Each structure stands twice: as structure tokens, then as C-alpha cells.
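Engineer: Dropping a structure here in C-alpha cells format, bear with me for questions.
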Amino acid sequence: MTVIRLDDEESGNAKAALDLADEQVMEMLAALTRAKDRIFAEEDVSDAEVRQRLASVQKSIQHVFDERKRFDELRKKHAGIVHDYAIDFDWARDEIGRRLDRLRVAKDAGGVPGEPV
């Protein structure tokens, strides 16, 4: 049976969109990391305000990761992929048909060899 990997399904516009989304996610994460570094570098800010700002940045970072995960899940769902694999149902249908044809031929030939009559 043929199994379609996620990487085999991506082509053309879908791959370009995914690459663009990946690039934007990385840019957002880099910007949020720089913001976090600036918060740590500030000297005249109270501890409470630092904690508040860091919590806000961490929440934003988590949101970016959640959106990326949601995008991946939608892409997989659209491609019919479960647990990173999709079954090629056309191939499976053809293979079942071939096997049924062989059984019909064997039946018309007087039976399946090795099977009791």
C-alpha cells in the first residue's frame, strides 16, 4: 500500500505559503525575543513592571506558537493526514480490485490451489 508523507504532498503555492508563514513566525519570535532582552536591560523599571512586561511578551510568544500549530493542523486536515501519514485510497482501491480479479480467475480455473474443495 502506498503511504503519502506530508513532505510529498507539499508543492507549488501550498509550499510557498508554508515557507512564508515559517519566515513570518521566525521574524515574530525574533522580535519578541529582542523585546524580552530590552525588558531585562532596562534599569529604572520596577520588578512588578518587569514581571508584567515579561508576562505579556511570553503570552505573545505562546500565541505565535499556538497559531503555527493551528496552521499545521489545518494543513494536515486539508491533506487528509492523520499522525503525519495519509493513505492513498485510489491505490488501495486498485489493489483490492486486482486481488479480487485474481480470486475470480482462480475460482474459474477450478479453485484456489491448496484450498479444500
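The values are calculated or read from the model by the stated rules, or taken from the named source; none is laboratory data. Values in this document were obtained by computation on a predicted structure and should not be read as measured data. With ideal geometry, Cβ positions are generated from the backbone for all residues, glycine too; neighbour counts draw on all protein chains shown.
Engineer: Taking the range 9-21, which residues are part of a helix (DSSP H, G or I), modelled with pLDDT under 80 and surrounded by 10 or more Cβ atoms within 10 Å (Cβ to Cβ)?
Structural biologist: If the condition is that a residue be part of a helix (DSSP H, G or I), modelled with pLDDT under 80 and surrounded by 10 or more Cβ atoms within 10 Å (Cβ to Cβ), then Glu9, Ala14, Lys15, Ala16, Ala17, Leu18, Asp19 are the ones that fit.
Engineer: Scanning the range 79-117 for residues that are aliphatic (A, V, I, L, M) and within 29 Å of Asn13 (Cβ to Cβ), which turns out modelled with the lowest pLDDT?
Structural biologist: Val82
Engineer: Also: Counting only residues that are touching a helix residue (DSSP H, G or I) at 6+ places or on another chain (Cβ under 8 Å) and assigned to a helix (DSSP H, G or I), how many does the range 37-57 have?
Structural biologist: 6
Engineer: Still on this structure, I have one more. Among what's in the range 57-83 and is surrounded by 13 or more Cβ atoms within 10 Å (Cβ to Cβ) and more than 23 Å from Ala16 (Cα to Cα), pick the residue that is nearest to the chain's Cα centre (by Cα).
Structural biologist: The residue in question is Ile61.
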